[in-house]
1. Residues of region 91-115 being farther than 17 Å from Phe56 by Cβ and not acidic (Asp, Glu), which ones?
2. Based on this model, can you work out whether Val25 counts as open to solvent by less than 20 Å² (accessible area, probe 1.4 Å), within 13 Å of Glu101 (Cα to Cα) and not in a helix (DSSP H, G or I)?
3. Taking region 111-128 only, how many residues are surrounded by fewer than 16 Cβ atoms within 10 Å (Cβ to Cβ) and not in a loop (DSSP other than H, G, I, E, B)?
4. Restricting to region 40-53, give me the number of residues that are open to solvent by 20 Å² or more (accessible area, probe 1.4 Å) and either in contact with a Cys (Cβ under 6 Å, 6 or more places away or on another chain) or among the hydrophobic types (A, V, I, L, M, F, W, C) (or both).
5. Could you please give the count of residues in region 54-99 that are open to solvent by 20 Å² or more (accessible area, probe 1.4 Å), over 18 Å from Val11 (Cβ atoms) and in contact with a helix residue (DSSP H, G or I) (Cβ under 7 Å, 6 or more places away or on another chain)?
6. What number of residues within region 129-156 satisfy the criterion of being modelled with pLDDT of 90 or more, open to solvent by 60 Å² or more (accessible area, probe 1.4 Å) and under 22 Å from the mean Cα position of the chain (by Cα)?
7. From Val53, Val25, grab the single residue that is at pLDDT 95 or above, among the aliphatic types (A, V, I, L, M) and under 20 Å from Leu136 (Cβ atoms).
8. So the check is Cβ under 6 Å with 6+ separation or different chains; which pairs have a first residue in region 67-81 that's closer than 14 Å to Gly30 by Cβ and part of a loop (DSSP other than H, G, I, E, B) and a second one that's of a type outside the set (Lys, Arg) and open to solvent by less than 60 Å² (accessible area, probe 1.4 Å)?
Amino acid sequence: LRALDLDGRVVRLGVEEGLTPLAFVFLDPGCPIARRYAPGLGALAEGAAERGVRFFAGGSDPTVTPAEVRAFAEEYELDVDVLFDGAGELASRLAPTIVPEAFIVAADGGLVYRGRIDDRFAAVGRPRARVSSHDLRDAIDSVGPRASGAPVVTEPVFTEPVGCVFEAWSEESSSDEVT
C-alpha cells in the first residue's frame, strides 16, 4: 500500500516499517465527528507505538485536497503520521464507509480490526455522556508484538462506526480525462 505524507513523500506501508501491524484512521476535514476525535489521536498513536503498532491517520476522499488535510492536521495539532491517499489505494484496499473509521492490519497483511474508535457516539448527533468502550485502543493492545498476556487475535473484530459518509473513490473520480 502506498500513500503520500504531508510533505509529498511516498510512504509504502508495511515495507519501510518492516513487518509490524499497522493502524489507520480515515478522517475527513469536513466531518464534525472526525473533528471531535482528532485531538485524541496522538494518545492512541503513542499507545500503539508502545505496542509496536505503526499508527497513521489521513484523508482519502476524492473531493479533499492535500492542502485541506494539512490544514486539518495543523488546526488539530495531530501528533500522528498523517497521510494523503491521493490515488485511493488505501481506500480501495480497506473500503471504508464512514469517517472516522479505523482499521488494523496485522503484520501478515490480514485485517484484524475495522470499526469505531470508541463508543463516544450512539448515533450521528447523539453523543454519549461517557465513553465506556475503547475499541480501537483495545484492538491495538491485542495485536501489538509487545502485547504481554493479550489474547492472540484469530478472527477480525468489527464494530459499527458512527460518523460521516465516506466519499468513495470510483472509476469516474480517478479518471484522467479532461471534461
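1. Matches in region 91-115: Thr97, Ile98, Gly110.
2. yes
3. 5
4. Selection size over region 40-53: 3.
5. Here the count works out to 1.
6. Residues that pass the stated criteria total 4.
7. Answer to the check: Val25.
8. Going by the 6 Å Cβ cut-off, the qualifying pairs are Tyr76/Ala38.
The values are calculated or read from the model by the stated rules, or taken from the named source; none is laboratory data. None of the values given here were measured: they were computed from a predicted structure. Reconstructed Cβ throughout: ideal geometry from the backbone, glycine too, with neighbour counts over all protein chains shown. These area figures cover heavy atoms from the full protein model, side chains too; ligands, DNA and RNA do not enter into them. Shrake-Rupley method; radii C 1.70, N 1.55, O 1.52, S 1.80 Å.
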